[in-house]
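K.L.:
Okay, here's the structure, questions in a sec.
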Amino acid sequence: MNTDVTSSALSSLLRALAPHMPSANIISQNDRMRPFEADALTMFKQLPLCVVLPENETQLKALLCACSALNIGVVTRGAGTGLSGGATPSAGAVLLVMSKFNCIIEVDGDNGVACVQAGVRNAAISEAAAVHGLYYAPDPSSQIACSIGGNVAENSGGVHCLKYGLTVHNVLKVRVMLMSGEVIELGGLAPDAVGLDLLPVFIGSEGMLGVVTTVWVKLVPKPRHAEVILASFPTVQSAADAVANVIAAGLIPAGLEMMDAASTAAVEAYLHAGYDLEAAALLLCESDGEPDVVAQEIAAMSQILREAGATRLQVSQNEAERLKFWAGRKSAFPAAARLAPDYYCMDGTIPRKSLGRILTAIAAMEQEFGLQCLNVFHAGDGNMHPMILFNGADPDEVERAEHFGAKILEASIALGGTITGEHGVGLEKIGHMCMQFTDEERGAMWAVKAAFDPPGLLNADKAIPTLHRCAEFGRMHVHHGEMPFPDLPRF
Ligand SMILES: Cc1cc2nc3c(=O)[nH]c(=O)nc-3n(C[C@H](O)[C@H](O)[C@H](O)COP(=O)(O)OP(=O)(O)OC[C@H]3O[C@@H](n4cnc5c(N)ncnc54)[C@H](O)[C@@H]3O)c2cc1C
């Protein structure tokens with residue numbers, strides 16, 4: 001971007017904001033903006049025009065109105081733990097950081113509702129609700145850091161979402177400021193809001209429609225009891241079959257997660273969760289609820305897992321052991337981070353029956369690209385998280401990691417899955433949206449964006465590719481070769 005244009009836009013913006021917020025809430029020096037140049041997908045880095053941290057809706061409105069008047073783009077950031085580059089700054093745009101919206105406004109134990117500002121951490125909601133015996137169910141592994149506003153924007157999930165649902169199933173209402181400065185509220189606290197239900201349209205919209213300022217979430221009673229089975233399998237395929245059999249038996253585990261041998265080894269070296277290092281794959285299969293129901297479910301699940309070929313079953317004997325087993329799975333990302341300077345976490349989904357096939361395909365890709373890949377799965381949902389290890393300081397490895405990741409996404413589509421289960425499209429998968437959706441479908445998505453954000457200033461270069469971008473992506477693919485995976489069935 002032309003530096004004269006940038007500095008003139010910045011001067012105009014600073015002048016417009018000066019009467020409305022303290023200068024300490026605006027960062028415009030390059031060295032101080034560095035910590036904001038990427039989210040957790042560190043492959044993409046970009047300095048913004050400036051970073052603005054409003055403290056309240058009055059300051060937020062001043063910022064959005066000034067940006068609208070000056071035609072300056074805005075990228076919203078919560079805690080920056082996103083894994084698809086959704087909060088990566090755009091060149092010449094403001095990075096709006098919501099971390100000062102950090103107040104828990106009310107925890108209503110009688111009605112099981114919490115009202116919190118968008119920058120509140122996911123885990124802080126459950127901590128505040130604990131005195132009422134309640135908690136907020138969606139539990140991304142990043143929950144000690146990620147914000148509820150980011151969860152809404154990404155429709156985040158977690159290991160217990162198979163039974164308790166994603167963010168969209170647990171948020172009752174949101175308060176949103178549009179680019180015009182207008183405030184709207186979507187959803188409601190009553191069971192059925194009147195009129196068009198726009199809340200599910202907004203949840204998962206990746207910061208492209210409006211800025212969430214306040215969120216009302218559903219709180220649920222903490223289960224009286226929970227146990228988890230740690231099951232070892234001699235092959236990935238037998239573990240995948242066990243997953244399908246548990247679900248086919250009509251059981252809904254509170255969590256059903258899978259790890260391959262490489263991720264188990266990484267986790268054991270990191271925090272000694274008690275995992276079986278001989279197993280080709282591990283399953284964590286949890287039941288929660290009343291103690292007698294849990295006992296019955298654990299017995300039924302154990303039988304199915306044994307019949308599918310489990311070589312070893314360990315049932316947690318107390319709460320400390322249950323948390324230890326889960327701590328391993330929840331630490332898979334930091335454990336992977338110890339093995340290489342960088343990792344690239346993918347997020348495609350596939351039909352559960354194809355878990356074995358995708359892992360075989362990924363093993364072949366490890367050879368093709370010469371990079372190691374660790375695999376953890378929200379197996380019950382068919383949502384995979386392959387983590388490709390690479391060195392970001394080596395341009396050749398970066399390129400190979402990108403191609404490796406792209407090929408996993410293409411395999412997911414070919415197997416009848418999708419390019420993202422919970423991490424969003426962001427910058428990372430924007431090209432692959434062209435493979436998954438037709439021009440008409442993407443046109444409908446742009447029409448929804450235009451209804452909320454007519455000037456198209458919010459996170460404009462993320463999530464939904466333009467026709468032009470898809471044309472570029474198509475040319476790139478023809479250049480790279482044939483349509484990928486001709487031998488896999490298309491759906
Ligand atoms: C170690 C690790 C583990 C993870 N585990 C999981 C997991 O188990 N499940 C899962 O789903 N994800 C997981 N994630 C991804 C990430 O934590 C989630 O996507 C999370 O919801 C992002 O929240 P955030 O506050 O960090 O948002 P950011 O990264 O700051 O932003 C994410 C997106 O939300 C938008 N946004 C943020 N705040 C607002 C707002 N107030 N209004 C409008 N738009 C906004 C941004 O523009 C961006 O598009 C993990 C990440 C890491 C690093």
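K.L.:
Can you grab the distance from the C-alpha centre of the stretch 112-139 to the C-alpha centre of the stretch 313-358, Å, no decimals?
P.N.:
Here the answer is 24 Å between Cα centres.
K.L.:
Could I have the simple spin-label model distance between HIS403 and GLN29, label points 7 Å from Cα toward Cβ, reported in nm to one decimal?
P.N.:
If labels sit at HIS403 and GLN29, their model points lie 4.3 nm apart.
K.L.:
Tell me, what ³J(HN,Hα) does each residue in the stretch 394-399 have, in order and in whole Hz, if you take phi through Karplus 6.51 cos²θ - 1.76 cosθ + 1.60 with θ = phi - 60° and put x for Gly and Pro?
P.N.:
Ordered by residue, 3J(HN,Hα) equals 10, x, 5, 5, 4, 5 Hz.
K.L.:
Still on this structure, I have one more. Can you give the FRET efficiency to the nearest 0.05 for HIS169 and PHE473, using r as the Cβ-Cβ distance and R₀ = 30 Å? Don't jump to the answer; show the numbers that get you there.
P.N.:
Working: r = 33 Å, r/R0 = 1.09.
E(calc), rounded to 0.05, equals 0.40.
K.L.:
Now, a different point. Which Cys residues of the chain have no other Cys Cβ less than 4.7 Å away and so no disulfide-compatible partner by this rule?
P.N.:
By the Cβ distance rule, which asks for a partner under 4.7 Å, the isolated cysteines are CYS50, CYS65, CYS67, CYS103, CYS115, CYS146, CYS161, CYS285, CYS345, CYS373.
K.L.:
At a probe radius of 1.4 Å, what is the per-residue accessible area of ASP381, in Å² to the nearest 10?
P.N.:
That residue has around 70 Å² of solvent-accessible surface.
K.L.:
If we sort 306-317, 279-290 on the protection proxy, mean other Cβ atoms within 10 Å, highest first, what's the order? Could you put the intermediate results ahead of the total?
P.N.:
Numbers: 306-317: 16.2, 279-290: 23.6.
Output ranking for 306-317, 279-290: 279-290, 306-317.
K.L.:
Continuing with the same structure: Quote the charge dipole size of the chain about the Cα centre in Debye, to the nearest 20; the model charges only the Cβ of Lys and Arg (+1) and of Asp and Glu (-1). If you can, show how the numbers build up before the last one.
P.N.:
Working: 33 positive and 53 negative charges, 132 e Å.
With Lys and Arg at +1 and Asp and Glu at -1, about 640 debye.
K.L.:
Moving to a separate point now. For the chain, take the longest principal axis of its alpha carbons; what is the angle in degrees between that and the long axis of helix 291-307, to the nearest 10 within 0 to 90?
P.N.:
With both axes taken from Cα atoms, the answer is about 70 degrees.
K.L.:
Next question. Leaving out ligands and nucleic acids, and using a 1.4 Å probe, what accessible area per residue does the chain come to in Å²? All intermediate terms of the calculation are to be shown ahead of the outcome.
P.N.:
Numbers: 20220 Å² over 491 residues.
About 41 Å² of surface per residue is accessible.
K.L.:
Quick one: which of 151-157, 210-216 comes out on top by average Cβ neighbours within 10 Å, and what's the full order, highest first? Each step should come with its number before you reach the end.
P.N.:
Values: 151-157: 28.0, 210-216: 24.4.
Packing order, densest peptide first, comes out as 151-157, 210-216.
K.L.:
Turning to a different aspect of this structure: How much length, in nm to one decimal, is gained on full extension between ILE144 and HIS132, taken as 0.36 nm per residue of separation minus their Cα-Cα distance?
P.N.:
Details: separation 12, 0.36 × 12 = 4.32 nm, distance 2.01 nm.
That pair, ILE144 and HIS132, stretches by 2.3 nm at full extension.
K.L.:
Let me ask something additional. Could you work out the local net charge near LYS100, counting Lys and Arg as +1, Asp and Glu as -1, over the other residues with Cβ closer than 15 Å to its Cβ? The partial results should precede the final answer.
P.N.:
Values: positive: LYS61, ARG77, ARG121; negative: GLU55, GLU57.
Net of charged neighbours comes to +1.
K.L.:
Moving on. If you line up the long axis of helix 3-17 against the longest principal axis of the chain, both from Cα atoms, how many degrees apart are they, to the nearest 10?
P.N.:
80
K.L.:
Sorted from largest down, what three extents in whole angstroms do the Cα atoms of the chain have along their principal axes?
P.N.:
69, 60, 43
K.L.:
So if I take the centroid of the Cα atoms in the stretch 401-478 and the same for the stretch 155-178, what is the distance between those two points in Å?
P.N.:
22
K.L.:
Which lysines does LYS324 reach when only Cα atoms under 30 Å apart count, and residues fewer than 8 places away in its own chain are ignored?
P.N.:
Partners within reach: LYS163, LYS218, LYS222, LYS353.
K.L.:
Something else: With a 1.4 Å probe and all protein chains kept in place, how much accessible area does ASP241 have, in Å² rounded to the nearest 10?
P.N.:
Rounded to the nearest 10, that gives 70 Å².
K.L.:
If you don't mind, another one. By a straight-distance test (C-alpha under 15 Å), which aspartates and glutamates pair with LYS462 as possible cross-link partners, with residues fewer than eight away in the same chain excluded?
P.N.:
Answer for LYS462, where 15 Å is the Cα cut-off: ASP39, GLU154, GLU206, GLU428, ASP453, listed by chain and number.
K.L.:
Can I ask one more? At 7 Å along the Cα-to-beta-carbon direction for both GLU307 and ALA69, put a label point, then send me their distance in nm to one decimal.
P.N.:
Each label point is offset 7 Å from its Cα along the Cβ direction, giving 7.0 nm.
K.L.:
A further question on this structure: Relative to the longest principal axis of the C-alpha atoms of the chain, give the angle of the C-alpha long axis of helix 467-480, reported between 0 and 90° and rounded to the nearest 10°.
P.N.:
50
K.L.:
Could I ask something else about it? What is the distance, in nm, between label points placed 7 Å from the Cα along the Cα-to-Cβ direction at ASP192 and at THR6?
P.N.:
5.4
K.L.:
Leaving out ligands, DNA and RNA but keeping every protein chain, what accessible area does PHE473 have, in Å² rounded to the nearest 10, with a 1.4 Å probe?
P.N.:
20
K.L.:
Using Cα pairs closer than 8 Å and at least 6 residues apart in sequence, work out the relative contact order for the chain, in percent.
P.N.:
Values: 1022 pairs, mean separation 67.3, N = 491.
Worked out over the chain, it gives 14 percent.
The values are calculated or read from the model by the stated rules, or taken from the named source; none is laboratory data. For clarity, every value in this text was computed on a predicted model and none was experimentally measured. Methodologically, a virtual Cβ is constructed for each residue, glycine included, from the backbone with ideal geometry; neighbour enumeration extends over all protein chains shown. Areas reflect the complete protein model, heavy atoms only, side chains present, ligands, DNA and RNA absent. Shrake-Rupley method; radii C 1.70, N 1.55, O 1.52, S 1.80 Å.
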